[in-house]
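Okay, so here's the structure we're looking at.
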Amino acid sequence: MSFIDHLEALRWHIIRAAISIVVFASIAFFSKEFLFHDLILGPSRADFWTYKAFCRFGAWVGAPDLCIDQIGFVIQNREMSGQLTMHISTSLVVGLVLAFPYTFWEIWRFIKPGLYPHERANSRGAVFFVSLLFIVGLLFGYYIAAPLSIQFLASYQIDSTIENQIDMQSYISTLTTMSVSCAGVFELPMIVFFLAKAGIVTPEIMRLYRKHAIVVILIVAAIITPPDISAQIIVTIPIVLLYELSIHIAHIVSRNRTKMLNERLAENNGIA
């Protein structure tokens, strides 16, 4: 294919991905009651699943302070067109998130024909695992990281006479940023997989810089969570586990690469 033909193919992949985003965004827009009352504003109410789970866990371990049974803030809109604008922008963000697996599949369909047969074989299941990690990270951010951040920041007071009246845009921005950030962080194993395939990352390097990586993970957890040590620990633990999983993935890739090179060397020497 010529360069123009590649651009034409890419254009249609982008168009199909954009259509999927518009479709999901439209569905979200017309599902206003569920989108905002149940999904977006869920973490702002004490009956949210995460808060009830913490209450049950606190009662089980004998730590009633873990229970979050009241929300100390009110969400407000201070702009005339604020709710309409937020309705449209939030629907678009939800459309982007829901269409991510299909969008990535379209991008992969464009890249895949340019790979060698062994590269295609080694990358089998990439779309599935990228989508799976994205969804798991998104759910972790929505049900764990975001509620803890919202609860801590919105209930924090420097004086009892000051009421927390949170702007709607600030609340939704915090929720979406936390959820999408966790979805991105959870892609670490797949990023390491492709870097290991390219020979940029090895398990030895990852083990050597494990302590440095943990420090970076703690910094990332501190950025995407409030200054609450319990929330930072809850977010740090799965990221550290993902890093250890990434080391194992890099080890498998490195072992397979070494095996393949030995087989090729044996063939060239006339042994195989």
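Listed values, structure above:
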quantity	calculated
Scope segment 231-272; condition surrounded by fewer than 12 Cβ atoms within 10 Å (Cβ to Cβ), closer than 25 Å to CYS182 by Cβ and at pLDDT below 75; matching residues	none
Residue within segment 204-217 that is touching a Ser or Thr at 6+ places or on another chain (Cβ under 7 Å), open to solvent by less than 60 Å² (accessible area, probe 1.4 Å) and within 30 Å of PRO147 (Cβ to Cβ) present	yes
Candidate set from segment 59-90 (those that are part of a loop (DSSP other than H, G, I, E, B) and touching a residue at least 60 places away in the same chain (Cβ under 8 Å)); member that is nearest to PHE29 (Cα to Cα)	ASN77
Options ALA154, ALA222; residue that is over 25 Å from VAL97 (Cα atoms), over 12 Å from the mean Cα position of the chain (by Cα), assigned to a helix (DSSP H, G or I) and not β-branched (Val, Ile, Thr)	ALA154
Search result, residues across segment 151-173 that are over 13 Å from PHE73 (Cα atoms), at pLDDT below 85 and aliphatic (A, V, I, L, M)	ILE158
Number of the exception - LEU139 against (1) in contact with a strand residue (DSSP E or B) (Cβ under 8 Å, 6 or more places away or on another chain); (2) surrounded by 13 or more Cβ atoms within 10 Å (Cβ to Cβ); (3) aliphatic (A, V, I, L, M)	(1)
Test: residue in segment 191-198 that is open to solvent by 30 Å² or more (accessible area, probe 1.4 Å), β-branched (Val, Ile, Thr), closer than 30 Å to TYR51 by Cα and out of contact with any Pro (no Cβ under 9 Å at 6 or more places or on another chain)	no
Of all residues in segment 7-58 being touching a residue at least 60 places away in the same chain (Cβ under 8 Å), within 15 Å of ILE150 (Cβ to Cβ) and part of a helix (DSSP H, G or I), the one that is most open to solvent (accessible area, probe 1.4 Å)	TRP49
Selection count where residues are open to solvent by 70 Å² or more (accessible area, probe 1.4 Å) and either farther than 18 Å from HIS37 by Cα or in contact with a strand residue (DSSP E or B) (Cβ under 9 Å, 6 or more places away or on another chain) (or both), scope segment 160-190	6
Residue in segment 199-219 that is modelled with the highest pLDDT, counting only those that are assigned to a loop (DSSP other than H, G, I, E, B) and of a type outside the set (S, T, N, Q)	TYR209
Contacts under 7 angstrom Cβ, first residue in segment 152-179 being acidic (Asp, Glu), partner modelled with pLDDT under 85 and in a loop (DSSP other than H, G, I, E, B), 6 or more apart	none
Hits in segment 66-101 - residues which are of a type in the set (Ser, Thr, Tyr) and either more than 27 Å from the chain's Cα centre (by Cα) or surrounded by 18 or more Cβ atoms within 10 Å (Cβ to Cβ) (or both)	SER81, THR90, SER91
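The values are calculated or read from the model by the stated rules, or taken from the named source; none is laboratory data. Everything numeric here is computed off the predicted structure, so don't read it as measured data. Cβ: placed from backbone, ideal geometry, glycine included. Neighbour counts: every protein chain shown. Quick note on the areas: whole protein, heavy atoms, side chains included, nothing else; ligands and nucleic acids left out. Shrake-Rupley method; radii C 1.70, N 1.55, O 1.52, S 1.80 Å.
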